[in-house]
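Chemist: Once you've had a glance at the structure underneath, I'll fire off some questions.
Values in this text are rule-based calculations from the coordinates and carry no lab data. Remember, predicted model here, so these are calculated numbers, not experimental data. Methodologically, a virtual Cβ is constructed for each residue, glycine included, from the backbone with ideal geometry; neighbour enumeration extends over all protein chains shown.
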Amino acid sequence: MPGKNTKFYSLILIIIDTFVLIGAFTIAYIARVQYDPRPLLTNVHAYDYLRAFIFIIPFWILVFAMLGLYQSGTYNRRLVEWAKIALGTFIGILLVIGWQYASGDDILPARLVAVYGMLAAFGLIVFEREVMRLSRSMMFRYGRGVNRVLLIGTTDATSDIARNLANTVKSGYEIIAIAGPKKIVPPELNVRHYSLVESALLDIKLNKITAIIQTDLYNSTERNQKILGAAQSHHIGYSFIPGEAEFYSGKNTVDVFLGYPIITVHQTPLVGWGAIIKRIFDFVVSLILLVILSPVLLVIYIIKKNADPGPAFYISKRLSRFSEPIDLIKFRSMDAKYGSRDAADEFHQMGRDDLAREYEKNRKVENDPRITRIGKFLRDTSLDELPQILNVIKGDLSLVGPRPILPQETKLAHGRTALLHSVKSGVTGMWQVSGRSELTFDERIELELFYAQNWTFWLDIKILFKTVGVVLRKRGAK
């Protein structure tokens, strides 16, 4: 919901980033030329040096803009912002080196100036962004630049949005009033409630509303027009957020069709070049991992063959992208006589109806008696999943994606399997780094739907790093 305050904040960031970059390369020049006694490659006058950088910096700022560093979706998320700053400063240095090569002019008096400049630029911009984030929060705390919101809706999405915007210091929004059924008003929020939208619209001036957010369209066109008209007549912001989760896809396009605006909703943003880059990344990283981990795989294989009678590997039929069946490869962690049928059936056969009920409810059990001693160690350390690297190389799986579900679990997804399988399943995913086995099946599905609809390359990298931490702490592995 970019408003005037958001655009103004982005403009301030552009201006400050410009001066910070000039400052960073001034520091780099002084550090190398004035305080380093070693000889320079070439004598570059400070005036010529700064003039060249002032010419290049607009292109550097353009790189930052293309990376999304001036969008609220980036500067409201610290780790994402830092990662993009790092990439932006690296690309910026390449611009400087490329310009020196293409123009034939000497810009850098020494190679270390580029290194110093890159480090100074990254450090100073991160520091600047943290100061700006703190200043912004302080302004929000004292009511400066805060959007006073009238929230209109009738579904659970309305309540969820209200709760998420309730922390004004972080969001920059203050929910003043909610129009809709009483049940959607979160009890913990001290807001005005209007049963009728018309009453809420009459009090826009009284409540000093600066933005209207609507989550549902009413059956009456006249009523919807009245809401939009009220925003226009009072010259305040208006945003429509579809209450249905299917409309939250990160790959929507807006165009004109037969004279009407048309919104095309893709199931996932993981299309086109994004899918190609993800596949290349998966293949290259998996090959590297296979080479590095091959001694570990060999040792586990030998131990399994000697200490645990039966096949070393367990092949399980799972569903991946477009619900196509794949053969998922894992080190066998259960006794060889188990795993060929649904777990609930095997528990019934064992006389453990209690475990069957637990599995049917949660799709997992706390203490599975089918697991061997070696198998428990493999599961606790997640070593049983290492052979899935072969699935990734083959193209059945991705390194990151939704959990590959069993065919019989499709009915438990409540009709959301198609959306869930709009992307390849993964070795790891949001459910592994967000609680793993402590999550219910429905909670896992919700997380994986979010991933499918909001994929970015940065999200994959973040999940991979978090997975390493989860595995090392053995948190939630069952």
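Chemist: Figure the gain on full extension for F283 and E446 (residue separation times 0.36 nm, minus the Cα-Cα span) and round it to one decimal in nm.
Modeler: Computed gain between F283 and E446 is 55.9 nm.
Chemist: Could you give me the percent of Cα pairs per 10 Å distance bin for the chain, shortest bin first, beginning at zero and ending with the bin that holds the maximum distance?
Modeler: Here the calculated profile for the chain is 4, 15, 20, 21, 19, 14, 6, 1, 0.
Chemist: Which of the aspartates and glutamates could be linked to K424 by a straight reach, that is with a Cα gap under 15 Å, when you skip same-chain ones fewer than 8 residues away?
Modeler: Here the aspartates and glutamates satisfying the reach criterion relative to K424 are D282, E324, D327, D396, E448, D460.
Chemist: Using the structure shown, select from K278/K330; K278/K304; K84/K208; K84/K205; K183/K364; K304/K394 the pairs with a Cα to Cα distance greater than 31 angstrom.
Modeler: Beyond 31 Å between Cα atoms: K278/K304; K84/K208; K84/K205; K183/K364.
Chemist: How high is the relative contact order of region 315-409, in percent, counting Cα pairs under 8 Å that sit 6 or more residues apart?
Modeler: Averaging sequence separation for qualifying contacts and normalising by length gives 39 percent for region 315-409.
Chemist: Three principal axis extents, largest first, for the C-alpha atoms of region 4-141, in Å?
Modeler: Each principal axis gives a Cα extent; for region 4-141 these are 52, 29, 24 Å.
Chemist: Here is a follow-up. Which distance in nm do the two modelled labels at I14 and V296 give, with both placed 7 Å along the Cα-to-Cβ direction?
Modeler: Once both label points are built, they end up 4.7 nm from each other.
Chemist: I've got another one for you. So for the pair A86, M66, with labels modelled 7 Å out along Cα→Cβ, what separation do we get in nm?
Modeler: Simple spin-label model gives 2.1 nm for this pair.
Chemist: Still on this structure: When the C-alpha atoms of region 325-365 are aligned to their principal axes, what extent does each axis show, in angstrom, from largest down?
Modeler: Ordered largest first, region 325-365 gives principal extents of 29, 20, 15 Å.
Chemist: Here's another thing I want to ask about it. If each residue of separation counts as 0.36 nm, what is the full-extension length gain between N43 and K337 once their alpha-carbon separation is subtracted?
Modeler: 98.1 nm
Chemist: Given all pairs of different Cα atoms, what value in angstroms does the Kirkwood hydrodynamic radius of region 147-243 take?
Modeler: Across region 147-243, the inverse of the average 1/r is 13.1 Å.
Chemist: Let me ask something additional. Let me have the relative contact order for region 1-133, percent, based on Cα pairs under 8 Å that are six or more residues apart.
Modeler: 40
Chemist: Let me ask something else about it. For the chain, what does the relative contact order come out to in percent, with C-alpha contacts under 8 Å and a separation of six or more?
Modeler: 10
Chemist: Divide by every residue of the chain the summed helix terms, -39500 (n - 2.57) for each DSSP H run of at least 4, and state the resulting mean residue ellipticity at 222 nm, rounded to the nearest 500 deg cm²/dmol.
Modeler: -17000 deg cm²/dmol
Chemist: With a cap of 16 neighbouring Cβ atoms within 10 Å, and only residues DSSP puts in a loop, list the chymotrypsin sites (Phe, Trp or Tyr not before Pro) found in region 1-101.
Modeler: Y35
Chemist: Shifting gears a bit: Dividing the alpha-carbon radius of gyration of region 300-402 by 2.2 N^0.38 Å (N being the number of residues), what value is obtained?
Modeler: Dividing the Cα Rg of region 300-402 by 2.2 N^0.38 Å gives 1.13.
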